[in-house]
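The values are calculated or read from the model by the stated rules, or taken from the named source; none is laboratory data. All values derive from a computational prediction rather than experimental measurement. No Cβ is skipped: glycine too gets one built from the backbone with ideal geometry, and neighbour counts run over all protein chains shown. We work out accessible area using only protein heavy atoms, side chains counted, and drop any ligands, DNA or RNA first. Shrake-Rupley method; radii C 1.70, N 1.55, O 1.52, S 1.80 Å.
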Amino acid sequence: MNLTDPIADMLSRIRNAVAVRHDVVLVPGSNSKVALARIMKDEGFIEDFEILRSGPQRSLRIRLKYRERKEPAITGLKRVSKPGLRRHMGSKEIPRLYGGIGVAIMSTSQGVMTGSEARRRGIGGEFVCYLW
């Protein structure tokens, strides 16, 4: 199966797993997906992730995070920059989402990072997605 947007596929798998309250979701792996998962873990949206190497293709096992009464830590995910329409922003254009509750994820020349980190460093880049 040939995917045109693997990042959107990852976000959809996480969104669907959260909707049915799964504890774990498997995602085909890549370096950019590992960077996204690392940011999600650092910001407290997922519990943990691990890289599984089975054959030539690696995959990610992402453990989702829930609060009391199985309330998900991720309430929403949105892909912004798509293969058909890339969204690039300067450091002063990066939005603050939901009063600081949401996190913008940027792909910059210095790697994948949160929007607040890119704003602090004064660099712009591709606005990949945001989550809240």
Exercise. Return the total of residues in region 78-93 being of a type in the set (Gly, Ala, Ser) and in contact (Cβ under 8 Å) with a residue 40 or more places away in the chain.
Key: 1
Practice problem: Being exposed (fewer than 13 other Cβ atoms within 10 Å of the Cβ) and of a type in the set (A, V, I, L, M, F, W, C) narrows it down to one of 20, 27, so name that one. | Solution: 20
Quiz item: Among the listed residues 53, 96, 119, 61, which satisfies the condition of being open to solvent by 30 Å² or more (accessible area, probe 1.4 Å), part of a strand (DSSP E or B), of a type in the set (D, E, K, R) and in contact (Cβ under 8 Å) with a residue 12 or more places away in the chain?
Solution: 61
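Here are 13, 69: which of them is over 18 Å from residue 102 (Cβ atoms) and either of a type in the set (Gly, Ala, Ser) or surrounded by fewer than 12 Cβ atoms within 10 Å (Cβ to Cβ) (or both)?
Step by step, each of 13, 69 is checked, and only 69 is over 18 Å from residue 102 (Cβ atoms) and either of a type in the set (Gly, Ala, Ser) or surrounded by fewer than 12 Cβ atoms within 10 Å (Cβ to Cβ) (or both).
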Quiz item: Out of all the residues in region 30-41, is one or more surrounded by 15 or more Cβ atoms within 10 Å (Cβ to Cβ), assigned to a loop (DSSP other than H, G, I, E, B) and modelled with pLDDT of 95 or more?
Solution: no
